[in-house]
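Each remark here refers to the structure printed beneath this line.
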Amino acid sequence: MLQITNFDTAPVAKYTFYGGNAGAKEAIVYNDYTWMVKYPKTTRDLLNPQISYTTSPLSEYIGSKIYEVLGIPVHETILGIRKNKVVVACKDFTKNKVGQGSMVDKAYLIPFHDLKNNFMSSDIDEYSGTGSETLLEEVLATINGQDSLKAIPGVMERFWDMFVIDAFIGNNDRNNGNWGILIDAISREISLAPVYDNGNAFFNKRGISQMQKRLGNTAEMKDDAYNIACAFKYTGLDNEGHKINPFDFIKEGENKDCIKAVARFVNAVDMVEVESVINNIPEQVGMLAIMPQGQKDFYVELLRIRLSLIEEGLK
C-alpha cells in the first residue's frame, strides 16, 4: 500500500511562487529540493453541491504515475497531506539543491505557448494570435518549423504520445502552457521538459456518489469513457475551431504520427501495473479520506474501456 507523506512540517520555499488556475499552489522544501504542492480547489463556484473540493491532487498523482509506468519522462510526484487536505507534491525540475536547503536554477522552462507565439508571429504574416490557440494545424506547423523545437529530437513523438495518453486518462487540458522545453541554466542546451500538469484527468470535479452510481450502468460508463474532448481543435468554418474527440481522431487513422503513438502505447501499456497505481492508494489515513474503493473502481473501469477505444485505432 502506498505511504501517504505528511508535508505539514515541510518549510515554505522562499522566493518561489507558482501560477495557474487549477487551485492553490505552494512551494515547499522537502528532502532538500523544491516541490510545488497542489491543493484541491474548492468547488463553491461550481454548479455541483455534492462535493466541496475537486480531486485534482489525486488526478495529478495518478495521471503522472501512469505516464511513468508507460516509460514517458514525467515530473516526480508524491501523494500527501498538508493542512488536513489531500495534496500532491510535484518536484520542481527547474531547480537544483546547493546544500542546506538553498536552491539554484537548473533550467528554465519555456512553454510551448511562447514557442508557438514566436514562430507564428515571425513566420505567418496574417497571424494575430497570442500563442494560446490550439488549432491542430498551427500546433503541428510550429513543431515542424520553430527553430528551437527543430533542434530537439523526438518533439513530434512526444506530442502524439501525450495526445494518446491524455485520452487514456481523460486529461482535457493539455493546452499550450502545459508542455514545453527546458534551457539548461549553465550550458544553454535545450531539451524536452518532462510531462507535467496532469490534474485535469479522471473527472476531477465529480463527486464519489456520482462515480459509484454511474459505475453500475454500462451505457453511462461507456459514455463517460468516450465523450471527452482534448484541448486541440480542428479548423472550423467560423475560424474558431472545434475541439477534437481523441478517440474519433485515432479511429480515423489519417495522421501517421498519431497511429505510431497508438502502437507505442498499446505495446507499452500493462493494465496490471496501471491498475496497481490506483489500487495501492489507501482509502483513508486516520480520519481523512484519501481514495474510496468506489472511486478506484470507477477509474479502473474508465481505463479499461478507453484502452479498447484506443486499440480500435490499430484495426
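Computed from the coordinates by the stated procedures, all read-outs in this text should not be read as laboratory data. Since we're looking at a predicted model, the values are computed, not measured. As a convention, Cβ positions derive from the backbone with ideal geometry for all residues, glycine included, and neighbour counts pool all protein chains shown.
Summary of computed values
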read-out: For the chain, built as a Gaussian network whose Cα springs stay under 10 Å, the top-fluctuating residue of HIS113, HIS75, HIS242; value: HIS242
read-out: Gap separating the Cα centres of the stretch 1-34 and the stretch 156-212, nearest whole Å; value: 19
read-out: Selected from LEU135, VAL277, ALA231, residue furthest toward positive end of dipole (the stretch 5-314; charges at beta carbon); value: VAL277
read-out: Added length on full extension, which subtracts the Cα-Cα distance from 0.36 nm per residue, ASP32 to THR130; value: 31.6 nm
read-out: Computed lengthening from ASP248 to THR5, 0.36 nm per intervening residue step minus Cα-Cα distance; value: 83.5 nm
read-out: Residues with amide H under 5 Å from that of VAL87, placed H, sequence gap 5 or more; value: GLY80, ILE81, ARG82
read-out: All aspartates and glutamates inside 16 Å of LYS95 as judged from Cα atoms, apart from same-chain residues fewer than 8 positions distant; value: GLU26, ASP32, GLU76, ASP105, ASP184, GLU189
read-out: Rounded to the nearest 20 debye, dipole of the chain from Cβ charges on Lys, Arg, Asp, Glu; value: 1080
read-out: Value of [θ]222 nm, deg cm²/dmol, for the chain, DSSP H segments ≥ 4, -39500 (n - 2.57) each, nearest 500; value: -11500 deg cm²/dmol
read-out: Interchain or long-range residues, amide H under 5 Å from VAL285's placed H; value: ILE290
read-out: Cα-Cα separations in the stretch 209-315 greater than 15 Å, expressed as whole percent; value: 71
read-out: Fewest-first sequence of SER148, SER56 by Cβ atoms within 10 Å of each Cβ; value: SER148, SER56
read-out: Calculated FRET efficiency for the pair GLU273/LYS97, C-beta based, R₀ 45 Å, to 0.05; value: 0.90
read-out: Amide H contacts of THR34 (H built 1.01 Å from N, under 5 Å, at least 5 apart or other chain); value: ASP92
read-out: Full-extension gain in nm, LYS213 to GLU157, via 0.36 nm per residue minus C-alpha separation; value: 16.4 nm
